[in-house]
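Readers should treat all values here as calculations from the given coordinates under stated rules, not as data from a laboratory. Given the structure is predicted, the values throughout are model-derived calculations rather than measurements. Quick reminder, even Gly has a Cβ in these numbers, built from the backbone with ideal geometry, and neighbours come from all protein chains shown.
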Amino acid sequence: MRTEVLGVEFDAVTMAEAVERGMAMLDTASPDYVVTPNPEVVMVCREDPEAARAVANASLVLPDGIGVIYGAKMLGRPLPERVPGADFALHMMERMAASGRSVFLLGAKPGVAELAAEKLSARFPGLRIAGVHDGYFKEDGPVIDAINAAAPDLLLVCLGAPKQEKWMFENRDKLKVRLMAGLGGSLDVYAGVVERAPERWQRMNLEWLYRLKKEPKRLGRMMKLPKFLVCVAGERLSGK
Ligand code: UDP
């Protein structure tokens with residue numbers, strides 16, 4: 001079942017259900033990909049039809065960000081819970097490690113994916129790192145060749161939104177991977193280059209505030225959040 005929030009159709013799933021669906025996709029031949037829009041990405045999709053199409057074509061659309069959960073609630077069609085992309089992929093990799101499956105890490109600044117690979121291998125013994133590549137490449141061809149030579153089960157595409165969504169949509173038929181997930185800055189988090197908010201902040205749904213405190217330059221981007229809530233309120237009042 002999908003729930004629409006300002007034009008983006010989200011899958012109404014819990015984290016556990018999302019992981020089950022993701023694991024099942026590892027066994028299908030179709031070029032599936034997962035996207036994890038937050039309110040900022042929802043707002044981008046309203047202005048960028050290519051981004052909107054890339055998101056709409058995903059096999060799984062997960063609500064990353066408490067703003068989406070509030071928005072859905074305000075619209076009277078609540079989503080079960082927040083499903084952050086970075087956590088979704090960790091759960092997937094934990095399950096994949098048990099059966100010796102492989103992952104390819106694509107994105108972030110040079111050196112970060114290597115560091116993330118080391119940390120993930122130590123955390124999930126049994127998980128195979130099929131390869132890594134930074135996210136600052138000019139041509140897709142050589143990167144796609146490298147990924148196809150490694151033929152991973154899961155490809156983490158961490159190029160920032162909406163670049164990663166468009167990249168997965170455009171290249172999905174050329175890639176020999178079972179599943180892809182667009183995960184923004186997750187490799188920075190796995191590598192320990194950027195820290196995740198402490199658990200207490202996460203529990204209070206204040207992860208966004210912690211990130212803003214650490215990186216005040218994100219304020220411009222985050223101004224999309226109040227805009228998002230104003231649009232939700234507008235839709236609610238107009239009875240859409
Ligand atoms: N990035 C990249 N290639 C690019 C632009 C960005 O690999 O051309 C990476 C960047 O280094 C960072 C991630 O994409 O690791 C985006 O992180 P951000 O925190 O902006 O994304 P969010 O998690 O907010 O979507």
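Would you mind getting the Kirkwood hydrodynamic radius of region 2-79 from its Cα pairs, rounded to one decimal in Å? Provide the component values of the computation, followed by the final result.
Details: mean 1/r = 0.0779 Å⁻¹.
So the Kirkwood estimate lands at 12.8 Å.
With the simple model of a label 7 Å out from the Cα in the direction of the Cβ, ALA233 to ALA29 spans 5.2 nm.
I'm a student and want to see the number: the projected area of the Cα convex hull of region 114-228, averaged over all directions, in nm².
Details: hull surface 35.4 nm².
Averaging across all directions leaves 8.9 nm² for the Cα convex hull.
Only one residue of GLY184, PRO152, SER238 has its Cα farthest out toward the positive end of the dipole of the chain, where Lys and Arg carry +1 and Asp and Glu -1 on Cβ, and that residue is SER238.
Its Cα gyration tensor gives region 164-224 an equivalent ellipsoid; the semi-axes, largest first and in whole Å, are 29, 15, 11. Between region 197-239 and region 89-144, the C-alpha centres lie 29 angstrom from each other. Highest mean packing first, where packing is the average number of other Cβ atoms within 10 Å per residue, the peptides 130-140, 66-76, 217-227 line up as 66-76, 130-140, 217-227. Helical content of the chain, expressed as a calculated mean residue ellipticity at 222 nm, amounts to -14500 deg cm²/dmol (DSSP H runs of 4 or more residues, -39,500 (n - 2.57) each, divided by residue number, nearest 500). Here, region 157-196 is characterised by an Rg to Rh ratio of 1.06, where Rg is the alpha-carbon radius of gyration and Rh the Kirkwood radius. Only Lys, Arg, Asp and Glu carry charge here, each on its Cβ (+1 for the first two, -1 for the last two); on that basis region 114-240 has a dipole of about 700 debye about its Cα centre.
Working from the Cα coordinates of region 31-188, the gyration tensor eigenvalues give, after taking √(5λ), semi-axes of 26, 19, 13 Å in decreasing order.
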